[in-house]
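Presented below is the structure to which this report refers.
The values are calculated or read from the model by the stated rules, or taken from the named source; none is laboratory data. This structure is a prediction, so every number in the text was calculated from the model and none was measured. FYI the Cβ positions are ideal-geometry reconstructions off the backbone, even for glycines, and counts take in every protein chain you see. The accessibility values were calculated without ligands, DNA or RNA, using every heavy atom of the protein model including side chains. Shrake-Rupley method; radii C 1.70, N 1.55, O 1.52, S 1.80 Å.
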Amino acid sequence: MTDSANTMWGGRFAAGPDAIMEAINASIGFDQRLARQDIEGSRAHAAMLAAQGILTDTDAEAIRKGLLTVLSEIEAGDFAFSTELEDIHMNVEARLKEIIGEPAGRLHTARSRNDQVATDFRLWVRDQCDAAITAIEAVQRALLAQAKAGADWVMPGFTHLQTAQPVTWGHHMMAYVEMLGRDASRFRDARARMNESPLGAAALAGTSFPIDRHATAEALGFDRPMANSLDAVSDRDFALEFLSASAICAVHLSRFAEELVIWSSAQFRFVAMSDRFSTGSSIMPQKKNPDAAELVRAKIGRILGATVGLFTVMKGLPLAYSKDMQEDKEQVFDAADTLMLALAAIEGMVSDMSANPDALRAAASSGFSTATDLADWLVREAGLPFRDAHHVTGRLVAMAEEQGSDLPDLTLDQMQSVHEAITDDVFSVLGVDNSVGSRTSYGGTAPEQVRQQIERWKDRLG
C-alpha cells in the first residue's frame, strides 16, 4: 500500500488495508461514472467557499482550472483511476493535487465524502430521469405513428388471451401510449422530489464554517438545500424511486414485448418484425425469431432485482451514513442502462414493424367477438334486462358454434327461435366494423375516439 492512501485517510492509521480490504472497500470501479457530477459539485463548492471568504480567490481559481483539467483527462480517457484511492472523490482530489499543489487540499473544507457522494449521486440520477423521459417519449411517438396508420383497422381485443370484443389497432397502440405517459410522469415526480441539495451537510451534522448552501444548491440546479443534515447524507429515497419507476416502466415494456412475440408468430401473423430486430436459427432455415422482443421481456428481471436489492440494503440502516450504502450505485447504474436499452429496442421495433390488417380483421371476426354487441342490442332495442339478454346471447352463441358459424351467419329465423323480439335490425350491430364504430364513449375504441386521443397526445408531446 502506498503512502498516498494512508495520507487520504489521515494520521489515524499507521498502515493501509490488505488486498482483501482494498478490494471490498474500493468503489472506483463503478463510481467513476460520477466523475462529471463530482467535478461539477466540487466547482460549485469551491466557488461558494471563495464567495464566503473561506477560500482565497487565487486558490479558488486554481481549483476551478485544475478541476477542468481533470475532467478533460477523464473524458479523453487519459485518466489513471486507482483502487488504492478508493473512490471517484479521492481519485479526483489526488490528481488535482498533482496539478495545482497545496490549494487542492483546501477544496474539502466544510464538506465530507458523505454529502459529496449524496450530491453526486443525486445529480446523476436526476440526469437519468431526464434521459428516461426523453426515451419514453420517443417510444410514444413511434406508437402514435402506428396508431394513426391503423386507427380504423379492426383486430380482436382479448381477455384471458381469448377473443373478447373487436377493437382497433390504433386503440391498442394508444393503450401503451397511456401507460408510458404514466411512466414518464413517475420519473418527473421523482425528479421533482429529489431536486434538493445535500451539499454542505458535511459528515452528518452540518459544519461550523459560514457556508452558503443555498448558493451551491442554485449553482447545481437544485430547488433548495435539504433541510436536515442527517437526512441529507443518509437518504437514498431518490434512488429507490428511480428504481421503482424503472421497474414499472420495464413491466409495461415487457407486456408489450410479450404481445410482439405472440403477434409475430405463424399462428397469429398480426405483425411482421423487421430483420433489424430479429434473428434466425442455426438449424431451421424458416425461422425468424423475435429475439429483441424476448430480451426486452426479460430485462424486467434485472431491473426488479436491482430494486429489491437496494430496498434490502437500506431497510436496516440506522442514521446516518453506513458503508452499506456504497452498494447503491452498481444496482442503479445497471438498472438505468438496462431500461435505456429496452426503451431503445422497443422504439426500434415499433417503428419498423408492419401490421397485417387482413390477419387482424380475420381474427377479429372469429370467436363470437360481437356477442356483447348482440346482448347490448337486446337490452337497448328489445327491452330485455341485461342478465336475460346475456342468457339469450349465450344460447345464440351455442347455436352458431354447433353449426360451425359465427353470430352474423345465423338467420333471422334461427335467432327468433331463441327470442321472438329479435328483428332484422340486429344485423346492424353484428359486423366488427359496426361494433368498433359504436364504441364512441370517451376512451372507447371507435376510430373517431382513437384519432382524438392521437391528437391529444401529439399536442402533449409537442
*With Cα atoms, 0 to 90° folded angle of helix 447-461 axis to the chain main axis*: 10
_For T168, what residues show an amide H to amide H distance below 5 Å, using hydrogens built from the backbone and excluding near sequence neighbours?_
M155
*Enter the angle in degrees (range 0 to 90, nearest 10) between the Cα long axis of helix 329-352 and the first principal axis of the Cα atoms of the chain, meaning the one along which they spread out most.*
40
*Counting each DSSP H run of 4 or more residues in the chain as -39500 (n - 2.57), what helix-only mean residue ellipticity at 222 nm follows after dividing by all residues, to the nearest 500 deg cm²/dmol?*
-20000 deg cm²/dmol
*Leaving ligands, DNA and RNA out of it, report the carbon-plus-sulfur percent of the accessible area of the chain at a 1.4 Å probe.*
52
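Sorted by packing (mean other beta-carbon atoms within 10 Å per residue), highest first, where do 185-198, 263-276 land?
Output ranking for 185-198, 263-276: 185-198, 263-276.
So what is Rg over Rh here for the range 271-401, counting just Cα atoms and using Kirkwood for Rh?
1.26
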*Going by alpha carbons, how many degrees (0 to 90, nearest 10) lie between the helix axis of 371-380 and the longest principal axis of the chain?*
70
_Pairs of Cα atoms farther than 42 Å apart, the chain, %_ = 39
*For the range 367-430, what are the per-bin percents of Cα-Cα distances with bins 5 Å wide, up to the bin holding the maximum?*
4, 21, 35, 29, 10, 1
*At 0.36 nm per residue, minus the direct Cα-Cα distance, what do D212 and A421 gain on full extension? Give it in nm, one decimal, please.*
67.1 nm
_Can you order the peptides 98-106, 295-303 by their average number of other Cβ atoms within 10 Å per residue, highest first?_
295-303, 98-106
*Counting only residues 5 or more places away or on other chains, whose amide H sits under 5 Å from the amide H of N289 once H atoms are built in the peptide plane?*
T279, G280
*How large is ³J(HN,Hα), in whole Hz, for each residue of the range 25-33 in order, when computed from phi with the Karplus curve 6.51 cos²θ - 1.76 cosθ + 1.60 and θ = phi - 60°, using x for Gly and Pro?*
8, 6, 10, 4, x, 10, 7, 5, 5
*At a probe size of 1.4 Å, how large is the accessible area of C249, to the nearest 10 Å²?*
0
*Rank-order 319-325, 242-248 by packing density, defined as the average count of other C-beta atoms within 10 Å over each peptide's residues, highest first.*
242-248, 319-325
_For the chain, accessible area per residue (1.4 Å probe, heavy atoms of protein chains only), Å²_ = 46
*Would you kindly give the portion of the calculated P(r) for the range 346-462 that falls above 17 Å, as a percent of all Cα pairs?*
64
